[in-house]
1. With the requirement that a residue be in a strand (DSSP E or B) and either near the ligand (Cβ under 9 Å from one of its atoms) or aliphatic (A, V, I, L, M) (or both), what does region 204-214 give you?
2. Residue check, Lys335 against (1) over 15 Å from Val106 (Cα atoms); (2) within 21 Å of the chain's Cα centre (by Cα), all met but one. Which one?
3. Looking at (1) over 26 Å from Lys247 (Cβ atoms); (2) surrounded by fewer than 18 Cβ atoms within 10 Å (Cβ to Cβ), can you tell me which one Gln191 breaks?
4. Taking region 127-156, which residues are aliphatic (A, V, I, L, M) and either part of a loop (DSSP other than H, G, I, E, B) or surrounded by fewer than 18 Cβ atoms within 10 Å (Cβ to Cβ) (or both)?
5. Go through region 232-263 and give me each residue that's under 20 Å from the mean Cα position of the chain (by Cα), free of Cβ contacts under 8 Å to residues at least 40 places away in the same chain and surrounded by 23 or more Cβ atoms within 10 Å (Cβ to Cβ).
6. Suppose we filter Ala216, Ala253 for residues that are assigned by TED's automatic domain parsing to the domain that holds Gln184, in contact with a Lys or Arg (Cβ under 8 Å, 6 or more places away or on another chain) and of a type in the set (A, V, I, L, M); which single one remains?
7. Can you say whether Thr219 is in contact with a strand residue (DSSP E or B) (Cβ under 7 Å, 6 or more places away or on another chain) and either among the hydroxyl-bearing types (Ser, Thr, Tyr) or modelled with pLDDT under 95 (or both), as far as the supplied structure shows?
8. In region 215-231, which residue that is farther than 22 Å from Tyr68 by Cβ and buried (at least 19 other Cβ atoms within 10 Å of the Cβ) is nearest to the ligand (Cβ to nearest atom)?
Amino acid sequence: MKIVAVFPESEANKNENQLLSTEKALGLQSFLEERHHELVIISDTATQLEPHLKDMSVVISSPFYPAYITKEIAAKAPNLKLAITAGVGSDHVDLDAALENHISVVEVTGSNVVSVAEHAVMNILILLRNFLEGHRQAVEGEWDLPKVGNHAHDIEGKTVGIFGFGRIGQLVAQRLKPFDVRLQHFDPLHQENILGSQFVPFEQLVETSDIITIHAPLTKQTDNLFDRDLMLKMKRGSYLVNTARGKIVDRDALKELLESDHLAGYAGDVWYPQPAPKDHPWRTMPKQAMTVHYSGMTLEAQMRIGEGVKDILTRFFEHRPFQTKDVIVEDGEIKSPSYRVK
Ligand SMILES: NC(=O)c1ccc[n+]([C@@H]2O[C@H](COP(=O)([O-])OP(=O)(O)OC[C@H]3O[C@@H](n4cnc5c(N)ncnc54)[C@H](O)[C@@H]3O)[C@@H](O)[C@H]2O)c1
């Protein structure tokens, strides 16, 4: 069976801890050789994927460095049976195309949720404390205390709105609780008050939060949900954190609302498309603490992702069911409750 895996290029012997790389390839090379399958490792989907479409059975890519499996790609891949997400979040696969072409979409659910929750909390703190300005001054030899203090806040007493209260959203709530914040969340599947967080209607979450942190998947319902009109309903001077997916937030409206001071800051690590082009406006917009997409690929997360991908492949080869939690699409049906939310 031909399996194509997409990883970021890594120079030999340079990043020896990095499993999500062309060099280490999550340890799949020997794993698949032992099982007499062919692994093709590529790093550039634009130029290297096409020749393998006609006979590949499995494609593996991570949300950090995705192979976008569009309708056109799926149509050219008649043998494709399984798209594995080496991580969490399978929106890089066109789920309608997967449904039509009977491609199973399976991810390593839970593998990096702690890693992302920690990152989101860090993002909130970095924004509220005006950390980047303080750090810039330290590095650049300045000591302009009024300039950094003018935008530095305690997180204590603030209202934090969590949009999407699944695995990551709940871990964020648990981690924020000791900061004595007021927690509220919106999630159609979690309308209960739990973990010290109050369920509120979506409009209330948007209009009353000092900080909103996004933890819902990218679906037809959440695509561009945080557009200009919605972000204008957020409190003036509030903050937005997004470690879910870049496309949930309107690219140009966000820049405009940061420039006009309607929003006090934005942080996150997710972009569209990925890798983000050099001229993506989020790279240079003001009041931001963007990073490249790495929150969910700590070394610990990469180990869990590697084990999870091997588990998915083993089940596939042995015709055993996948773990229910991991299945996004199977048998022409969306199975994941998180992706069925209307
Ligand atoms: N930055 C990263 O490295 C990284 C890593 C992992 C996951 N993620 C992103 O975070 C998302 C959430 O991950 P998770 O593990 O918590 O998933 P999860 O499935 O456990 O939780 C997602 C929650 O979002 C809710 N949701 C779905 N549609 C919604 C809507 N329209 N409005 C409000 N809530 C909605 C679901 O009901 C669910 O409870 C993933 O889908 C992925 O896109 C990013």
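1. Restricting attention to region 204-214, the residues satisfying the condition of being in a strand (DSSP E or B) are 211-214.
If the condition is that a residue be in a strand (DSSP E or B) and either near the ligand (Cβ under 9 Å from one of its atoms) or aliphatic (A, V, I, L, M) (or both), then Ile211, Ile212, Ile214 are the ones that fit.
2. (1)
3. Every condition holds for Gln191 apart from (1).
4. To start, the set of residues in region 127-156 that are aliphatic (A, V, I, L, M) comprises 127-128, 132, 138-139, 145, 148, 152, 155.
Those that are aliphatic (A, V, I, L, M) and either part of a loop (DSSP other than H, G, I, E, B) or surrounded by fewer than 18 Cβ atoms within 10 Å (Cβ to Cβ) (or both): Leu132, Ala138, Val139, Leu145, Ala152, Ile155.
5. Leu240, Asn242, Ile248, Val249, Leu254
6. On the way: Ala216 fails: in contact with a Lys or Arg (Cβ under 8 Å, 6 or more places away or on another chain).
The match here is Ala253.
7. Details: in contact with a strand residue (DSSP E or B) (Cβ under 7 Å, 6 or more places away or on another chain): no; either among the hydroxyl-bearing types (Ser, Thr, Tyr) or modelled with pLDDT under 95 (or both): yes.
No: the conditions fail for Thr219.
8. First pass over region 215-231, keeping only residues farther than 22 Å from Tyr68 by Cβ: 215, 227-231.
Those left that are additionally buried (at least 19 other Cβ atoms within 10 Å of the Cβ): 215, 231.
Numbers: His215: 5, Met231: 16 Å.
Out of the qualifying residues, it is His215.
The values are calculated or read from the model by the stated rules, or taken from the named source; none is laboratory data. Please read all numbers here as calculations on a predicted model, not as lab measurements. All Cβ positions, glycine included, derive from the backbone under ideal geometry; neighbour counts span all protein chains shown.
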